[in-house]
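The values are calculated or read from the model by the stated rules, or taken from the named source; none is laboratory data. Keep in mind the model is a prediction, meaning the values are calculated, not measured. Virtual Cβ from ideal backbone geometry, glycine too; neighbours counted across all protein chains shown.
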Ligand code: FE2
């Protein structure tokens, strides 16, 4: 069985988005830094309200899915479809922007720690112009599975080991993403089951992780090559996201919050947003 090698490290870089929320961006820091179909991964974490209070006021998306995973704090989502979602610690919001959604994501706290992630996953051409969809997944609906040396929260896809299969609440067509939040004790070595032909990466948000002879440093994305399985070793207590999905192999043209296949489709998205028909 061939182990997935570490092929590239993308350190997270300080960035700012929304109305001035400070965050760290790894995938998506430049348009070359992607792992098809993953477009972007932001981590936000701060104890300073000045870093997050401005939030993400009303803005559009078209052509992909956004996944918000909260670790600490509260964020409220509102969109043009009339959905309101309150995201607290451990909760996930899975939004399929598809042909268009206009929403805001605003902190619901004046002080304390805000910590979490936003991940963008591309949609295939065949689904980019489908109606938008939205789902809140409360923390209690995310299964946690004890493993030798730690535990895993299965958000999307599945975890399979000798004790059986743990299925996450989110199963998506075409890209079939796996999203795991892996907590490892110091000294643990685990084998992570991932579909062999899927593109995959890890993001270390506490501690660091070794893949083969190489280390994915703290707060970095480690892109993985193909293989039958992934073996990770934690020198210290470590938490990381593990992501995998089927690559689309389609052209990607991005302009801010619009991700389409051609420039003409981006121009159409801009016209639709201007005319008020983006999400109609
Ligand atoms: Fe958004």
| note | The condition of being surrounded by 15 or more Cβ atoms within 10 Å (Cβ to Cβ) and away from the ligand (no atom under 13 Å from the Cβ) holds, among 16, 12, 30, only for 12
| message | What's the total number of residues in region 37-61 that are away from the ligand (no atom under 16 Å from the Cβ) and modelled with pLDDT under 95? | response | 8
| remark: Requiring at least 1 residues that are within 24 Å of residue 272 (Cβ to Cβ), the strands (runs of 3 or more DSSP E) wholly within region 91-201 are 92-96, 101-107, 114-122, 133-137
| query | Restricting the first residue to region 123-138 and requiring it to be surrounded by 15 or more Cβ atoms within 10 Å (Cβ to Cβ), which pairs with a second residue that is at pLDDT below 95 and not in a loop (DSSP other than H, G, I, E, B) meet a Cβ separation below 7 Å and a spacing of at least six or different chains? | reply | 134/79; 136/85
| remark: Checked region 68-78 for anything away from the ligand (no atom under 12 Å from the Cβ) and either under 26 Å from residue 265 (Cα atoms) or part of a strand (DSSP E or B) (or both); matches are 69, 70, 71, 72, 76
| request: Kindly indicate which of 29, 19, 15 is assigned to a loop (DSSP other than H, G, I, E, B), touching a strand residue (DSSP E or B) at 6+ places or on another chain (Cβ under 6 Å), without any contact (Cβ under 8 Å) to a residue 60 or more places away in the chain and closer than 27 Å to residue 110 by Cα. | output: 19
| Which residue pairs have Cβ atoms closer than 6 Å, lie 6 or more positions apart in sequence or on different chains, and pair a first residue in region 257-277 that is part of a helix (DSSP H, G or I) with a second residue that is away from the ligand (no atom under 16 Å from the Cβ) and modelled with pLDDT of 95 or more? | 263/253; 266/253; 266/260
| Does residue 81 satisfy the criteria of being surrounded by fewer than 19 Cβ atoms within 10 Å (Cβ to Cβ), in a loop (DSSP other than H, G, I, E, B) and within 14 Å of the ligand (Cβ to nearest atom)? | yes
| request: Report yes if some residue within region 210-218 is more than 16 Å from the ligand (Cβ to nearest atom), surrounded by fewer than 17 Cβ atoms within 10 Å (Cβ to Cβ), outside any loop (DSSP other than H, G, I, E, B) and at negative phi; otherwise report no. | output: yes
| message | Within region 103-122, take every residue that is surrounded by fewer than 20 Cβ atoms within 10 Å (Cβ to Cβ), touching a residue at least 60 places away in the same chain (Cβ under 8 Å) and over 24 Å from residue 34 (Cα atoms) and give me the one that is nearest to the ligand (Cβ to nearest atom). | response | 109
